[in-house]
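The values are calculated or read from the model by the stated rules, or taken from the named source; none is laboratory data. Treat the numbers as computed from the prediction; the structure is a model and nothing was measured. Note: ideal-geometry Cβ built from the backbone for every residue, glycine included; neighbour counts use all protein chains shown.
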Amino acid sequence: MHGGSSIRETLASRTSAAHSNVMHFLPFLAVLTGAASHSSSARPAPPVECPRLAASGGSTDLYCIHLIAAPGFSASGSVELSWTGGPYTVGVRPDGTHQWQLRFSLQDLPDSLLHGRRPGFLAWAVPPSMAQVIRLGVVHAGDTDLGPMALDRFLILISAEPDTTVREWRGRIIVRGESASNRLRPADNYQFFLGVAGDRAPAGMHDHHAMPS
């Protein structure tokens, strides 16, 4: 009997000590929790890319292109892809090539680069082969709707141009991105697109055509 009583007294003593330790640290936990909560609430949430597409329940992985800033720039944005109207579920040309409407959403474009008679930012679509550069039109900070554009796999480039009436890409690339369909490609194409191979461009090639940068 005395042994059982001793054990109960020991357990009660240890429980009381543990409770006292917890109560001692509660103020510190409250301070830490409050600081973490304040830090997370003070940090602005990143903007949702392609909000219209996301709200509709469409796949942002397949139909929202994330735009990456070229080195030296802090611009950002996205391109929402949607089907053109027609008798079919998807928009296609007579030859079967997909047709797209594009909504550009851009932030922090570098206005300091705009010099010339009619300066501005132009959007271009380029197939993976880089065999042609399709002029999509003028874009600006905020939302811009362009299209239709017909390509199955493509890259999106936005350049700063001294004259937005030009038909060929001449200015510096500010942001770039690629369609989800372009993921099916040789392993080194992505490095090429990001400019890793830029220092191996053929001699004599004009700087701004050597590589998107």
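All conditions but one from (1) within 21 Å of Asn182 (Cα to Cα); (2) surrounded by fewer than 16 Cβ atoms within 10 Å (Cβ to Cβ); (3) without any contact (Cβ under 8 Å) to a residue 40 or more places away in the chain apply to Thr89; the one that does not is (1). Count of region 49-86 residues, restricted to those that are without any contact (Cβ under 8 Å) to a residue 12 or more places away in the chain and farther than 25 Å from Gln99 by Cα, is 1. Looking at the structure I just gave you, is Ser82 at pLDDT 95 or above, over 21 Å from Pro162 (Cβ atoms), surrounded by 16 or more Cβ atoms within 10 Å (Cβ to Cβ) and among the polar types (S, T, N, Q)? So Ser82 fails the test. Please tell me if Arg183 is buried (at least 19 other Cβ atoms within 10 Å of the Cβ), under 21 Å from the mean Cα position of the chain (by Cα) and of a type outside the set (Asp, Glu). Answer is no for this residue. Can we say Glu49 is part of a strand (DSSP E or B), touching a helix residue (DSSP H, G or I) at 6+ places or on another chain (Cβ under 7 Å) and either polar (S, T, N, Q) or modelled with pLDDT of 85 or more (or both)? The answer is no for Glu49. Looking across region 102-147 at every residue that is basic (Lys, Arg) and more than 12 Å from Val79 (Cα to Cα), the one that is surrounded by the fewest Cβ atoms within 10 Å (Cβ to Cβ) is identified as Arg117. Evaluated against (1) crowded, with 17+ Cβ neighbours inside 10 Å; (2) in contact with an Asp or Glu (Cβ under 7 Å, 6 or more places away or on another chain); (3) not acidic (Asp, Glu), Thr97 falls short on exactly one condition, (1).
Quick grid of which residues meet (1) among the acidic types (Asp, Glu); (2) in a loop (DSSP other than H, G, I, E, B):
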residue	(1), (2)
Asp61	yes, no
Ile65	no, no
Ile68	no, no
Ser82	no, no
Pro94	no, yes
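With respect to (1) within 30 Å of Asp152 (Cα to Cα); (2) exposed (fewer than 12 other Cβ atoms within 10 Å of the Cβ); (3) modelled with pLDDT under 90, the lone exception for Pro71 is condition (3).
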